[in-house]
1. Just check region 3-102 against the gyration tensor rule for me: Cα atoms, a ≥ b ≥ c as the square roots of the eigenvalues, rounded for a/c under 1.5, and otherwise prolate or oblate depending on whether a/b exceeds b/c.
2. Based on other C-beta atoms within 10 Å, arrange LYS102, LYS115 from fewest to most.
3. For Cα Rg over 2.2 N^0.38 Å, one of (1) 1.59; (2) 1.18; (3) 1.12 was computed from the structure I shared and the rest are decoys. Which label?
4. Is it possible to state the helix-based mean residue ellipticity at 222 nm for the chain, with each DSSP H run of 4+ residues giving -39500 (n - 2.57), the sum divided by total residues, to the nearest 500 deg cm²/dmol? What is it?
5. So if we plug the beta-carbon distance of MET169 and ALA119 into 1/(1 + (r/R0)^6) with R0 = 30 Å, what FRET efficiency do we get, rounded to 0.05?
6. Sort GLU28, GLU44, GLU111 so the one with the fewest other Cβ atoms within 10 Å of its own Cβ comes first.
7. Taking the chain as a Gaussian network, Cα atoms linked when under 10 Å apart, which of ALA162, ALA79, ALA50 shows the biggest mean-square fluctuation?
8. Kindly put THR156, THR18, THR54, THR147 in sequence by how many other C-beta atoms sit within 10 Å of each C-beta, fewest to most.
Amino acid sequence: MNKTAGLLAVFFPLSFFTIGGGQAIIAETQRQVVSVHHWMTAAEFGNIFAISRTAPGPGSLFITLIGWHVAGLSGAAVATAAIFGPTVVMTYVIAKFWSRFKGARWQTALEQGLKPVAAGMILASVYVLLANLKGAPWSQAIALISTAIMAYSRVTPLLLLASGGIVFMALHQFFGA
């Protein structure tokens, strides 16, 4: 199977599991591209994910960068179409259907049931990203502290990014972390 067909085979089915956003599929994407297909290393995956987070737009944009890494422009196009195409069509169809039954008991139950699924998928993604951080355990500690600060305060993410970078550089300078 050529690489673009492989990208399609990986990302088309994953598009149906983006409940909760692109973050929900990070763990499975990492498993597919690093462990199953060996298209990149865990460090390369982490770097691509970090680069994608600096750009505005949907959380699934890291898929485009993976496609680019694997098969150039055609890989980027196939990966992007595979991750966004089915979801766009499915969202359109479901939105039409969903609005007809607004407030129905089954609809409320389904929404409530999907929340823990999305949360679990996102937590699995967080685990994968933390496990692959270079400079661990310092990087992991900085990430966890930053997450806690974000969850319990109104500190701007830019300040946390700058502070985390400065702390990491200081730790690296003084302790070789």
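What follows is calculated from the coordinates using simple rules that are stated; it is not laboratory data. None of the values given here were measured: they were computed from a predicted structure. So basically every Cβ, Gly included, is an ideal-geometry build from the backbone, and we count neighbours across all protein chains shown.
1. Verdict is prolate for region 3-102.
2. LYS102, LYS115
3. So the structure-derived entry is (2).
4. Roughly -25000 deg cm²/dmol at 222 nm, from the helical runs in the chain.
5. Computed FRET efficiency for MET169 and ALA119: 0.35.
6. Going from least to most buried by this count: GLU111, GLU44, GLU28.
7. Highest fluctuation among the options: ALA162.
8. In increasing order of surrounding Cβ atoms, one gets THR54, THR156, THR147, THR18.
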